[in-house]
Structures are given as C-alpha cells and as structure tokens.
Amino acid sequence: AQTIHQWPVAEIKAVGSPLSLGCTIKGKSSPNLYWYWQATGGTLQQLFYSITVGQVESVVQLNLSASRPKDDQFILSTEKLLLSHSGFYLCAWSLDGGAGSDYTFGSGTRLLVI
Amino acid sequence: GDSVTQTEGLVTLTEGLPVMLNCTYQSTYSPFLFWYVQHLNEAPKLLLKSFTDNKRPEHQGFHATLHKSSSSFHLQKSSAQLSDSALYYCALRAGGSNAKLTFGKGTKLSVKS
C-alpha cells in the first residue's frame with residue numbers, strides 16, 4: 001500500500017527566515033506529486049506539481065519554490081518567509097495526470113509565520 | 001478556466017435530517033467531479049468520484065449524481081450523523097494530461113443532536 005509522509009508536522013517561523021517542507025511517497029514509483037496550500041478558513045490552492053524527477057511546474061506564484069530531487073520526494077521551500085505564508089501545506093500524489101485520477105493527501109504541515 | 005461553486009459557508013443540521021450540499025461547475029471539457037471531506041485538523045480525504053457511465057457513486061451513506069445538463073454534482077445523504085460534521089470540498093478535474101484538481105471554497109457541515 002502507498003503511504004505519504006510529510007514533515008515537519010508543524011512549524012513556527014519568523015518573518016524573513018528560510019523554510020523547507022518535505023514529502024515522501026512510498027509504495028508507488030513515478031507518482032505525480034502536488035503541493036497545495038490552505039490559508040486558515042480558505043480553500044485548497046495548488047502551488048506546484050511534478051510528474052517526474054527534476055521537473056516541477058509552478059501553478060501559483062507565492063514566493064515559494066519546489067523541487068523533486070528523488071522519485072519519491074517533493075520539497076517546498078523559500079529563503080524568506082512572509083506573514084502571508086502562514087497556513088496548512090499539503091502534499092498529494094496521484095497515479096497519473098489523467099482527469100479521472102484522484103489525489104491522496106498527506107497529513108499536512110501547519111505553518112505559522114510570526 | 002475551470003471553476004467550482006459550492007454552497008457557501010456553514011450548513012447546520014439536526015441529526016437524522018437529510019443532507020444536501022450543492023456543487024456546480026464550469027469547464028471547457030467533460031470533467032470528473034470529486035467530493036473530499038476534511039475533518040478538523042486532518043487532511044482532505046476522497047469521499048466520492050463521478051463515473052463516466054452515469055453510475056451514481058456512494059460511500060458512507062453519501063451519494064452524488066453528475067448532471068451534465070445542469071453542470072451539477074450535489075452531495076446527498078438521507079440521514080445526517082454527528083460524525084458527518086466536517087468541511088466538504090467539491091473538486092473538478094478535466095482536460096488532458098496533468099490537468100489540475102480545482103477545488104471549490106468548501107462547505108462546513110455542522111450536525112447537532
């Protein structure tokens with residue numbers, strides 16, 4: 001069975017500090033990977049997606065970047081956090097890019113920027 | 001572009017009453033529709049997905065029917081339970097490869113005894 005693990009579970013960071021969030025998928029080779037962001041009380045907004053190692057597409061510009069250094073790993077990062085980066089970050093995977101493929105989400109990382 | 005519109009805000013029901021959460025969509029293509037449920041402090045989980053052959057998906061007592069004529073995929077349940085209290089998202093995915101899963105703004109369902 002496939003498992004998706006996100007780390008850390010929660011972070012409190014200062015404005016201007018760097019950030020790195022991680023996501024690992026086990027049990028599935030070459031998954032499509034996604035990063036979503038959910039502001040408090042807000043909807044789920046897709047930030048990035050990746051269909052293969054080394055390739056990442058940006059969907060929304062929020063002064064964040066993403067990388068896929070390994071087939072099973074997806075990293076979200078920034079060098080300088082803003083207050084507006086606070087929220088719930090979710091990693092997800094799907095079997096493929098087809099419209100019928102649903103997403104499975106990780107348990108998420110809660111980020112508070114102060 | 002694709003968009004999803006849901007019943008906004010909070011829906012409050014008494015346990016045992018029927019549930020109906022509205023979802024309508026706009027898409028250039030013929031999309032797949034999904035319902036996700038998110039309990040407090042948890043990640044969203046897939047509840048239902050539309051079929052291509054007009055079958056009605058059902059899960060945990062919930063069902064939804066894709067009506068292409070009215071571009072709707074309303075979520076229904078005959079009798080609400082306290083444990084159904086959660087945030088419900090309708091989502092759409094359409095188009096070619098790597099199509100984005102687009103979420104609506106979500107509807108918070110609160111079931112009271």
The range A:1-93, relative contact order in percent, only Cα pairs under 8 angstrom and at least six apart counted: 35 percent
Per residue accessible area in Å² of chain B, where ligands, DNA and RNA are left out and the probe is 1.4 Å: 51 Å²
Alpha-carbon Rg with Dmax, taken over the range A:3-113, Å: 13.2, 40
All-pairs Cα distance distribution in the range B:3-112, expressed in whole percent, bin size 5 Å: 2, 13, 24, 26, 19, 10, 4, 1, 0
Spatial separation of Cα centroids for the range A:56-92 and the range B:34-113, in angstrom: 26 Å
Fraction of accessible area attributable to carbon and sulfur, the range B:3-112 (%, probe 1.4 Å): 50 percent
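So if I average 1/r over every pair of distinct C-alpha atoms in the protein assembly as shown and take the inverse, what Kirkwood radius in Å does that give?
Mean inverse Cα-Cα distance, inverted, gives 18.2 Å.
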Accessible surface of B:Lys105 - all protein chains present, 1.4 Å probe, nearest 10 Å²: 140 Å²
Partners for A:Lys28 among aspartates and glutamates (Cα-Cα distance below 12 Å; same-chain residues under 8 apart left out): A:Asp71, A:Asp72, A:Asp96
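The values are calculated or read from the model by the stated rules, or taken from the named source; none is laboratory data. Everything numeric in this text was worked out from a predicted model, so none of it was measured. Heads up: the accessible areas ignore ligands, DNA and RNA and are worked out on the full protein's heavy atoms, side chains in. Shrake-Rupley method; radii C 1.70, N 1.55, O 1.52, S 1.80 Å.
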